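The values are calculated or read from the model by the stated rules, or taken from the named source; none is laboratory data. Computed from a predicted structure; not experimentally measured. All Cβ positions, even for glycine, are placed from backbone atoms using ideal geometry, and neighbour counts span all protein chains on display. All accessible areas refer to the heavy atoms of the entire protein, side chains included, with ligands and DNA or RNA removed. Shrake-Rupley method; radii C 1.70, N 1.55, O 1.52, S 1.80 Å.
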Amino acid sequence: MGKQAKAVVCREWNKPPVVETVEVESPRRGEVMVKIGACGVCHSDLSATNGTIPLPPPLVLGHEAAGTICELGEGVTDLAVGDTVVVSWIPMCGKCRYCVEGRPALCDMAAKATITLPDGTQRFKDKDGKPLNHMAGTGVMAEYATLHRDNVIKIDPSVGIDKAAIVGCAVMTGVGAVLNTAGVEPGSSCVVFGAGGVGLNAIQGCAVSGAKQIIAIDMADKKLEFARQFGATHTVNPASDGDAVAKVMELTGGGADYAFECIGLGTTIQQAYNCIRKGGTAVVVGVSKPTETVTLGAFLMPFQEKVLVGSMYGSARPSVDFPKLLDLYKGGRLKLDELVTATYSVDQAEQAFADLVAGVNARGVIVF
Ligand SMILES: [Zn+2]
Ligand SMILES: [Zn+2]
């Protein structure tokens, strides 16, 4: 039967996204349709509109959403119409080597389903009947979306839908990089490069971990203000404070235990590696252009035993981690209310993207 829905679509790279009415196909076997309640506007959505993340248009944007199940496909017996769910942009097949090893963020099926559902086809059609791609295998910046069952995690419905939405990307990615990928120890010194949506969550992840020193680095004073609100003990703006690495060396007395790069630039990845102490860990969270490279001095590598590691989706195990993150919020340890600094209607999507570029929000969320 399907549904008509307003959706935010990238038609062409380097042009503002457009709002159009699309046809959402009913769920096939093993799929569900979700009435989307809210969808965060993530930097990765912006990166998809300018080709930094090269997902081909036409593309329904959005991968950070929560909503209510409104239709079940054949064979879905463990969810019911009316269930509140958070969307996970990895489907976790449960069968590949990585899922079996407990690392579903690296799922082989997820790596294939980047612009379609796992079976390789789309569930959106435009007014001419042409299929539209799904951002990150989800495409949830729309009133309705049909998704694979493994892309939704049932949650407690008492949490505000806009707060639940941002758990699906920014919170999972940032907090997960700290708790899951790095496993930050209490009393550590941590540096976070980039205080956008993900960076702020890395900062609050460090605070949850009991880090004693949390240094936020950003070129925008407004974002550093947010950083302090989320637990940064020190802030560095390289534009006014000088070299970030020298500043971290001075503040930590010889290098940080952990550094989190939440921007996606070769130069800041180098800085993250260079500002950690011997035996320290630098975590790359930011997604860079495919052409970006990193240059590191080789001589000292064996002498310093530093670790440089990537963090995919905060090394998420969504069915375990989403409820855990929401529990941390309910227990007052994670700030989600403060993260959502603006909400928009779907018709205001262009403004939401403009505000993301201008860096005015901790997180902007489209509420349907
Ligand atoms: Zn995202
Ligand atoms: Zn898998």
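Please identify the pairs in which a residue from the stretch 336-347 that is assigned to a loop (DSSP other than H, G, I, E, B) has its Cβ atom under 6 Å from the Cβ atom of a residue that is open to solvent by 20 Å² or more (accessible area, probe 1.4 Å), counting only partners at least 6 apart or on another chain.
Leu336/Lys163; Leu336/Tyr329
If you take the residues of the stretch 95-116 that are near ligand 2 (Cβ under 7 Å from one of its atoms) and in contact (Cβ under 8 Å) with a residue 24 or more places away in the chain, which of them is nearest to Gly139 (Cα to Cα)?
Among those that are near ligand 2 (Cβ under 7 Å from one of its atoms) and in contact (Cβ under 8 Å) with a residue 24 or more places away in the chain, it is Ala110.
For the stretch 327-338, enumerate the residues that are open to solvent by less than 60 Å² (accessible area, probe 1.4 Å) and touching a helix residue (DSSP H, G or I) at 6+ places or on another chain (Cβ under 6 Å).
Leu334, Leu336
So how many residues does the stretch 128-147 have that are open to solvent by 10 Å² or more (accessible area, probe 1.4 Å), under 23 Å from Val41 (Cβ atoms) and not acidic (Asp, Glu)?
3
Tell me the residue from Val85, Val8 that is within 16 Å of ligand 1 (Cβ to nearest atom) and either under 23 Å from the mean Cα position of the chain (by Cα) or not basic (Lys, Arg) (or both), please.
Val8
In the stretch 247-305, how many residues are aliphatic (A, V, I, L, M) and free of Cβ contacts under 8 Å to residues at least 12 places away in the same chain?
Result for the stretch 247-305: 3.
Looking at Ile36, Ile69, can you tell me which residue is surrounded by 24 or more Cβ atoms within 10 Å (Cβ to Cβ) and either touching a Lys or Arg at 6+ places or on another chain (Cβ under 7 Å) or at pLDDT 95 or above (or both)?
Ile36
Look at Cys99 and say whether it is crowded, with 21+ Cβ neighbours inside 10 Å, more than 16 Å from ligand 1 (Cβ to nearest atom) and either under 19 Å from Arg28 (Cα atoms) or under 23 Å from the mean Cα position of the chain (by Cα) (or both).
Taking the combined requirement at face value, the residue satisfies it.
Just one of the numbered conditions (1) at pLDDT below 95; (2) open to solvent by 50 Å² or more (accessible area, probe 1.4 Å) is not true of Val307; which one?
Exception for Val307: condition (1).
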